[in-house]
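Taking it in order: structure first as structure tokens, then the write-up.
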Amino acid sequence: MDLYKQYADSIEFTQQYGKTVITAHHTDLLISGVGRSAAAFRIRGTNLVIKVYFPDFTFIAAEEAAIYRLLAGSRYYPSLHDSGDHYLVIDFVDGRTLFQCLTEGKRIQEKNIEEVDAALSEAKKAGLTPSDVHLRNIIVTPDGSIKLIDLARFRQVKEQDTQWENLKGAFPLYNHLLFPKRVPETILNGVAYLYKKKPGLFHFFIRG
Ligand SMILES: Nc1ncnc2c1ncn2[C@@H]1O[C@H](COP(=O)(O)OP(=O)(O)O)[C@@H](O)[C@H]1O
Ligand SMILES: [Mg+2]
């Protein structure tokens, strides 16, 4: 049997207090991160990650694989190596998400914001409509450049998503001398919750 499929099939998920948790995985897999629709595992001894979707989200695998294919060759996105009905195999991206940069106090550079814009322009040129671009889906690599992951919603057809524009608009505030460069996770999660519920509250802080 195909090794990647064997890895994907080794993963077991269960629901605990409304959250999906991993209860089993192949010993070659190291948990890299858990999102809302999938978990990502580094494959031991490789520079690859296998992203395995939770049972209710397996339909996303084919959609996201197609998006990765459209962006093949871009420096801003990991490459796709294989895909199956409930998993993708992509490059492992070393580094910290922008969310981790904030919670760990690692300063985010203006150049990183420009790189995300360049990455999104490339996606638009490829005919995509990027959405769901947020702090946990942007990784700053050890050489200081960025890569975007989690492209499932890069073909959004509903109303235009302004999440990235809003995050970018908050950068001048973050960059201010007096703004704390380390922000506790609970505060960030609280801000994200408020942003979803009452986006109007943020217009005052966001430029542009
Ligand atoms: N290619 C990758 N390299 C390193 N870590 C990754 C990679 N892909 C995903 N992750 C980690 O796994 C988490 C969940 O993956 P993600 O694609 O964002 O899933 P979801 O669609 O559920 O949000 C990410 O936030 C990140 O921490
Ligand atoms: Mg994600």
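Nothing in this text is a laboratory measurement; each read-out follows from the coordinates by a stated rule. As the structure is a computational prediction, the values presented were derived from the model and not from experiment. Neighbour counts run over all protein chains shown; Cβ positions are idealised from the backbone, glycine included.
The GluC sites (Glu not before Pro) of region 150-208 meeting both criteria, a DSSP state outside H, G, I, E and B (loop) and at most 12 other C-beta atoms within 10 angstrom of the site's C-beta, are 159. Which one, 113, 164, 202, projects farthest toward the positive side of the charge dipole computed for region 96-202 from Cβ point charges (K/R +1, D/E -1)? Highest projection toward the positive end goes to 202. Its residue count N sets the reference 2.2 N^0.38 Å, and the alpha-carbon radius of gyration of the chain equals 1.05 times that reference. With contacts taken as Cα pairs under 8 Å and at least 6 residues apart, the chain reaches a relative contact order of 15 percent. Structure remark: mean-square fluctuation, Gaussian network model of the chain, C-alpha springs under 10 Å; the largest value among 80, 194, 70 belongs to 194.
Report the net charge of residues surrounding residue 103, where surrounding means a beta-carbon distance below 12 angstrom and charges are Lys +1, Arg +1, Asp -1, Glu -1. Write out the running numbers ahead of the final one.
On the way: positive: 96, 106, 136, 181, 182; negative: 104, 185.
Spelling it out: positives minus negatives among the neighbours equals +3.
Of the chymotrypsin sites (Phe, Trp or Tyr not before Pro) in region 12-41, the ones in a loop by DSSP (not H, G, I, E or B) with at most 12 other beta carbons within 10 Å are 17. The charge dipole of the chain, taken about its Cα centre with unit charges on the Cβ atoms of Lys, Arg (+1), Asp and Glu (-1) only, comes to about 740 debye.
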